[in-house]
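Everything on this sheet refers to the single structure shown next.
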Amino acid sequence: MTAARAKYLKDYTVPPFLVDEVELVFELNGEQTIVTSTAQYKRNGQNNADLVLNGEHQKLLQVSLDGQVLAQEKYQLTEETLTLTELPEQFTLTIKSQIDPVNNTALEGLYLSAGAYCTQCEAEGFRRITYYQDRPDVLAKFTTHIIADRKNFPYLLSNGNKVSEAELEDGRSKVTWFDPYKKPCYLFALVAGDFDVLRDVYTTKNGRNVTLELFVDKGNLKRAPHAMTSLKQAMAWDESRFNLEYDLDIYMIVAVDFFNMGAMENKGLNVFNSKCVLADSDSATDNDYLSIESIVGHEYFHNWTGNRVTCRDWFQLSLKEGLTVFRDQEFSMDLGSRAVNRIQQVKVMREHQFAEDASPMSHPIRPESVIEMNNFYTVTVYDKGAEVIRMMHSILGEDRFQQGMQLYFSRHDGQAVTCDDFVAAMEDASGVDLTQFRLWYSQSGTPVVEVEEAYLAAENKLKLTIKQSNPPTADQKIKQPLHIPINIAFFNTAGEAIDVSGGAEQVVNLTEAEQTFEFSTEVKPYFSLLRDFSAPVKLVYQYSDDALACLIPAESSQYTKWELMQNLYIKHITQGIKDSSYQYPSIICDILAALIQDASTDKALLAEILKVPSFASIMETMDTVDVDAVIQARKSLEQFIIKNLNDQLVSCYNKNHAQTYEYHQDAIAKRALANSCLLLLAASDENNDVRTIIETQYQNSDNMTDTLAAMQAASLVGGSLFKDIMQSFDEKWRGDALVMDKWFSVHARCDSEQILQNLDELQNHPDFNWNNPNRVRALIAQFAMFNHSQFHHKSGRGYQYLGRVIERLNTSNPQIAARMITPLIQFKKLDEPRQVLIKAELSRLFELDNLSKDLYEKISKTLDL
Ligand code: TRP
Ligand code: ZN
């Protein structure tokens, strides 16, 4: 293993040299690709430091200083650096090296994806392309020349504007791009290949025409329009909500099949995982459509929050990611259902982020130490980061928040800055003191908020005593009280909003470890707490069943109705876990029946309410988990609901299931509702009619949303119906790997004793490919994350299987290997025998000869080494 040393935020120093301009020449030639970089360096202030350039996985061919080729003794070369000493104030450095994109399976730097060259430089991939100060606070203007065979690579793309194009005599072309905006090297991109192109034009609010180009694999043009529409909507939305306009004459998106993450915001040339671009109704579900919309938005919004203003160092990653996630969330919420979007966001927090906070990898949204930066593209930095921005937004209000954004841009456009700079802009523009609030950036862990009530009838007073505790985390023992905004609404027993002192709906600011808030009210009220998930905390408060029965219909916040229903479910599932013969109370079905009956219930919301809480969200509420008891308790709750509501669910299905496909919000909501009913019915132990419904839906479906739902429902009922549907899907879609991912996932989640044999067989399917992260995620991550009974099989075979997969990926793609290990490092709540089995597997992996930094960081923290 290479030396794995941590870097610390506190050790930050400014770069010793700055670069004004850099010119890159790429001669694309398979395994022997040549990169020549020429950069103008100047000392950054008074210093006599050496110039230490980062560079890996390349063969250095030549170094020239101001045009003079340097002899080898004039520089020092290690596996990871090139160091030059005794340098003048200003100089030009030219470096020529050879790289191998063909055998680059790590998918960082320059690599070949299904025949097309592409790059991924964030976070530290540029150092695999050429020797450079690979850090985000070195900003330069890039000129890029690409030379490649014309026939195989008719499109040669890079950042900025194309400035020249020439046909060379040897069958190659040379294209030159210039990006007028200074940028860090992580935003550099190059693409070379043959594509189909969808073209469009967007006219900005100031009347500038921007050329839009979307590059997809040949034959995929019919799956491109949705992403293009999303892009134009994102451009318009950023103008109207944030007053931000696009700044170049061209915006390009390229879809590639081999990609480690979702997409990348390279200046003017986004590179996307094809999964996050391609969609038509035959092959993509409504959720795929919505996720594409949000990711296209996310990368577009980075143009201002990330590119025009970037990060000083990687510890500040949330500066761009938390803020950009907040922006893409608001985009999706303004375009679609606010409540359903909020539900998804909160699920990510509860099911994934809280678990990360409780794990050995716990870190604040601004981490303080890092071994491998790729390990910190996390739900904490992204999603908790967005929650922190959202709290500022709610404390300041939209107007003052937007003034803060304007101040942030006017101060920092063209700079590489810190999270503190962002908060300072918000503070200065609004006059709101955010001193205590800043702790959200430095403190890790999930605060626990406990509420106790007392109604003093004689005084007409409700007292709420609210306590926060901030339990220690793996990375940080001592915590301080945070500024926690808690949104509360008050109702009388008839479900009418009541005007207690301070308002029927209000936000109280908890800033101390314990505080008592008093409200004058003539009746003892019901109240709902932490409405709209006003802070990323665990709320400990037990609503009575009566309170929930009153509050759920009464709540004006659609999201909060769902939240209260979760509360009711979890409360009783907890009983069901303790006692396998627990009788679920009829109030659950009474509330559901009323919601189904009520024509005014938002259908998309009802679709969510009809989902019994997931395994992960139940786990989040418990300290220790008996895997089998949780699975059993969920099942009996489902059986209870189906038994009591069978007819209502069937008629709700019939009312909402549509024969012909349309794509608009109401149609999406109806599909979601019908399919929620279907999946619930399919979970039934006895209902045989559902087989007919499933079969008919599968046969008649004209869209992937209904097809996939039928397939999932069939996997629950099993038998020949399931086999036939899976076979038919395979016959129809074999060869279309993106669509086959859905099929792989349904297989992976099957609760079958044969699952490991099945997985082995599926790995031999012609569409499976170990080097493609989408395939690995579709099959193996789905198994590890969602097949609870089999992954956690008490023999340990599920853990050992995942261990073998990680061992294999450790050398081919360390970034993906490290992402896949999550279910093996979040074991604290499992029983002792399972923990022992997992630790044995982790210890085995830790001994691997060539363990990557990525895995080293996670396993060493987990085993506490
Ligand atoms: N900046 C990208 C985004 O959030 C994230 C990303 C894409 C990334 N590819 C990556 C991060 C590879 C690390 C490595 O939009
Ligand atoms: Zn991002």
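Dipole size in debye (nearest 20) for the chain around its Cα centre, Lys and Arg Cβ +1, Asp and Glu Cβ -1?
640
Could you order the peptides 431-440, 605-614 from most to least packed, using the average number of other C-beta atoms within 10 Å per residue? All intermediate terms of the calculation are to be shown ahead of the outcome.
Values: 431-440: 15.4, 605-614: 21.1.
Sorting 431-440, 605-614 by mean packing, highest first, produces 605-614, 431-440.
Quick one: which residues, 5+ away or cross-chain, put their amide H under 5 Å from the amide H of LYS461? H built at 1.01 Å from N.
Amide H neighbours of LYS461, under 5 Å, 5+ apart: LEU456, THR521.
Quick one: which residues, 5 or more positions from ASN787 or on another chain, have an amide H under 5 Å from its amide H? H modelled 1.01 Å from N in the peptide plane, none for Pro or chain starts.
Amide H neighbours of ASN787: none.
Would you calculate, for the chain, the mean residue ellipticity at 222 nm contributed by helices, counting each DSSP H stretch of 4 or more residues as -39,500 (n - 2.57) and dividing by all residues, to the nearest 500?
Per the formula, -12500 deg cm²/dmol.
Whole-Hz Karplus ³J(HN,Hα) for region 92-101, in order, using 6.51 cos²θ - 1.76 cosθ + 1.60 and θ = phi - 60°, x for Gly and Pro?
Residue by residue, region 92-101 yields 10, 10, 10, 10, 10, 9, 10, 10, 10, x Hz.
Which value, in Å³ per residue, describes the convex hull spanned by the Cα atoms of region 651-732?
On the way: hull volume 6.4 nm³, N = 82.
Hull volume normalised by residue count: 78 Å³.
Fewest first, what order do LEU649, LEU60 take by the number of other Cβ atoms within 10 Å?
Fewest-to-most Cβ neighbours within 10 Å comes out as LEU60, LEU649.
If I take every Cα pair under 8 Å that is 6 or more residues apart in the chain, average their sequence separation and divide by the length, what percent do I get for the relative contact order?
9
Taking a quarter of the surface of the Cα convex hull of region 612-655, what do you get in nm²?
Computed as one quarter of the Cα hull surface, the answer is 3.6 nm².
Of all alpha-carbon pairs in region 784-823, indicate the percentage at a distance above 12 angstrom.
Summing the P(r) tail past 12 Å for region 784-823 gives 55 percent.
Could you tell me the convex hull volume per residue, in Å³, taken over the Cα atoms of region 768-864? It would help to have the intermediate numbers written out before the result.
On the way: hull volume 8.3 nm³, N = 97.
Residue-normalised Cα hull volume stands at 85 Å³.
Please report the equivalent ellipsoid semi-axes of region 271-367, computed as sqrt(5 x eigenvalue) of the Cα gyration tensor, largest first, in whole Å.
Ellipsoid half-lengths, sorted descending, are 25, 19, 13 Å.
Taking only C-alpha pairs under 8 Å that are 6+ residues apart, what is the relative contact order of region 416-509 in percent? List each step's numbers first, then the result.
Values: 99 pairs, mean separation 17.7, N = 94.
Answer for region 416-509 is 19 percent.
Would you calculate the convex hull of the Cα atoms in region 432-535 and tell me its volume per residue in Å³?
107
Taking other Cβ within 10 Å of each residue's Cβ, how do PHE26, PHE744, PHE409 sort, fewest first?
PHE409, PHE744, PHE26
State the Cα centre-to-centre distance between region 515-587 and region 235-311 in whole Å.
Cα centroid to Cα centroid, the span is 38 Å.
Ratio of Rg to Rh for region 467-513, alpha carbon only, Kirkwood?
1.22
Measuring from the lowest to the highest alpha carbon on each principal axis, how far does region 538-630 reach, largest first, in angstroms?
Extents along the principal axes, in whole Å: 39, 26, 23.
Order of LYS828, LYS858, LYS174 from fewest to most other C-beta atoms within 10 Å?
Taking fewest neighbouring Cβ atoms as first place, the list is LYS828, LYS174, LYS858.
With both partners inside region 223-332, how many of the DSSP beta bridges are antiparallel, as a percent to the nearest 5? Working shown, then result.
Numbers: 2 of 8 bridges.
Percent antiparallel among DSSP bridges in region 223-332 is about 25.
So what's region 332-390 giving for Cα Rg divided by 2.2 N^0.38 Å, two decimals?
Details: Rg = 12.9 Å, N = 59, 2.2 N^0.38 = 10.4 Å.
Output field value: 1.25.
If amide H atoms are built 1.01 Å from N in the plane of the peptide, which residues on other chains or at least 5 residues away come under 5 Å of the amide H of THR33?
So THR33 has HN proximity to ILE99.
Over all Cα pairs of region 70-228, how is the pair count split among 10 Å bins, expressed in % and running from 0 up to the last occupied bin?
9, 29, 36, 19, 6, 1
Output wanted: per-residue J couplings in Hz (rounded whole) for region 448-464, from phi through Karplus 6.51 cos²θ - 1.76 cosθ + 1.60, θ = phi - 60°, x for Gly and Pro.
10, 10, 10, 10, 10, 10, 8, 9, 9, 4, 4, 9, 6, 9, 9, 10, 10
Over all Cα pairs of region 480-559, how is the pair count split among 10 Å bins, expressed in % and running from 0 up to the last occupied bin?
The calculated distribution, bin by bin, is 18, 50, 29, 3, 0.
Within 10 Å, count the other beta carbons around each residue, average over each peptide in 133-141, 185-193, 260-268, 721-729, and list them highest first.
Highest-to-lowest ranking by the protection proxy: 185-193, 260-268, 133-141, 721-729.
Consider just the alpha-carbon atoms of region 270-316 and return their Rg together with their Dmax, both in angstrom.
Values for region 270-316 (Cα only, Rg and Dmax): 13.8, 44 Å.
For region 1-159, what is the Kirkwood hydrodynamic radius in Å, using each pair of distinct C-alpha atoms?
16.7
What ranking do 843-852, 517-526 get when scored by the average of other Cβ atoms within 10 Å per residue, highest first?
Averaged packing, sorted descending, gives the order 517-526, 843-852.
Report the Cα centroid-to-centroid distance between region 90-118 and region 1-73 in angstrom, as an integer.
14
Tell me the Kirkwood hydrodynamic radius of region 57-105 in angstroms, computed as one over the mean inverse distance between distinct C-alpha pairs.
Radius from the Kirkwood sum: 12.2 Å.
If you take the Cα atoms of region 1-55, find Rg, then find the Kirkwood Rh from the mean of 1/r over all pairs, what is Rg/Rh?
1.09
Where does region 80-164 land on Rg(C-alpha)/(2.2 N^0.38 Å)?
Normalised Cα radius of gyration, region 80-164: 1.26.
Output the Cα-based Rg and Dmax of region 27-90 in Å, rounding Rg to one decimal and Dmax to a whole number.
When restricted to the Cα atoms of region 27-90, Rg and Dmax are 13.2, 43 Å.
Given the chain reduced to its alpha-carbon atoms as identical point scatterers, what log10 I(q)/I(0) does the Debye formula return at q = 0.07 Å⁻¹?
Listed by q, the Debye log ratios stand at -0.57.
Hey, any idea what Rg/Rh is for region 179-320, computing Rh the Kirkwood way over Cα pairs? Could the numbers behind the result be given before it?
Values: Rg = 14.7 Å, Rh = 15.5 Å.
Taking Rh as the inverse mean 1/r over Cα pairs, Rg/Rh reads 0.95.
At 1.306 mPa s and 10 °C, plugging the Kirkwood radius over alpha-carbon pairs of region 603-688 into Stokes-Einstein gives what diffusion coefficient in µm²/s?
113
Using the Karplus curve 6.51 cos²θ - 1.76 cosθ + 1.60 with θ = phi - 60°, what ³J(HN,Hα) values do you get for each residue of region 72-82, in whole Hz, with x for Gly and Pro?
These are the phi-based 3J(HN,Hα) values: 4, 6, 8, 9, 10, 10, 10, 4, 10, 9, 10 Hz.
In whole percent, what relative contact order does region 54-180 give with Cα contacts below 8 Å and a gap of six or more residues?
Here the relative contact order equals 20 percent.
A short reminder: the numbers here are calculations on the coordinates, not readings from a lab. Please read all numbers here as calculations on a predicted model, not as lab measurements. All Cβ positions, even for glycine, are placed from backbone atoms using ideal geometry, and neighbour counts span all protein chains on display.
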